[in-house]
1. Can you give the angle from 0 to 90° between the axis of helix 168-180 and the longest principal axis of the chain, with both taken from C-alpha atoms, to the nearest 10?
2. Around Asn20, which amide H atoms from residues at least 5 apart in sequence, or from another chain, sit under 5 Å from its own amide H, with H modelled in the peptide plane?
3. What FRET efficiency comes out for the pair Gln64/Gln3, r = Cβ-Cβ distance, R0 = 45 Å, nearest 0.05?
4. Using r as the Cβ-Cβ distance of Thr128 and Phe78, and R0 as 22 Å, what FRET efficiency do you calculate, to the nearest 0.05?
5. For segment 127-184, state which trypsin sites (Lys or Arg not before Pro) are in a DSSP loop and have at most 15 other beta carbons lying within 10 Å of their beta carbon.
6. In whole percent, what relative contact order does segment 6-180 give with Cα contacts below 8 Å and a gap of six or more residues?
7. What are the lysines whose alpha-carbon lies under 29 Å from the alpha-carbon of Lys34, with same-chain residues fewer than 8 places away excluded?
8. Residue farthest toward the positive end of the dipole of the chain, with Cβ of Lys/Arg at +1 and Asp/Glu at -1: which of Ile165, Val19, Ser96?
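Read-outs: derived from the displayed coordinates by stated rules, not from any lab. Owing to the predicted nature of the structure, the values given are computational and were not obtained by experimental measurement. For neighbour counting, all protein chains shown are included, and Cβ atoms are generated from backbone atoms with ideal geometry for every residue, glycine included.
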Amino acid sequence: MKQIKVKDLLVHLEEYATVNEKSSLIEAIEALEKAQQGFDSSHYTHRAILVYDDNKRIVGKLSQWDVIKGLEPKYEAFGDIRSISLSGLSTEFIRSMMEKRSLWQDNLDDICNRIANKKVKEVMYRPTEGEMIDEDATLGEALHILIIGHHQSLLVTREGAIVGILRLVDVFKLVCERIKSCRI
């Protein structure tokens, strides 16, 4: 049986929504919508935008989560929310955080007006080396990183340069197809 490689499942940069880090959130949202219109309808839609710098190097991701988190600037005081959120906080503690910090007190339209022209680099997430994988890595290695890191995607590299993205949703689709083919 042929070993499945990451490059067999990746979405190439040319097919993915990208935006310059100096773009506004409005421009990023428009780029995402445009990429979704052009993406093959047999695939799931994009849920993130890859962010590049002036040298056309990918330097970050802007996910739905990042945009929503960016609506409330007080989250910056929390530090690394991604690691906090995985630590199993109680519902009561989460509620008390919201009350103590006066989170989400403004009207949604006011919040959105305030953030609409914010630069992507102010809201985006800069992936760590642990969220990248070489295109020649096996699917098993990718699955392990996705599970351990609780990632929705991994940036795919070739000789150190980012060439695409491996999305959990595409891996899940493949796995589902393989499970269905096991019917007795």
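1. Taking Cα atoms only, the helix is inclined about 40 degrees.
2. Tyr52
3. Values: r = 33 Å, r/R0 = 0.72.
Once the sixth-power term is evaluated, E becomes 0.90.
4. Numbers: r = 18 Å, r/R0 = 0.82.
Efficiency at R0 = 22 Å is approximately 0.75.
5. Filter output for segment 127-184: Arg183.
6. Working: 216 pairs, mean separation 52.1, N = 175.
Relative contact order here is 30 percent.
7. Lys5, Lys7, Lys22, Lys56, Lys61, Lys69, Lys118, Lys119, Lys121, Lys173
8. Ser96
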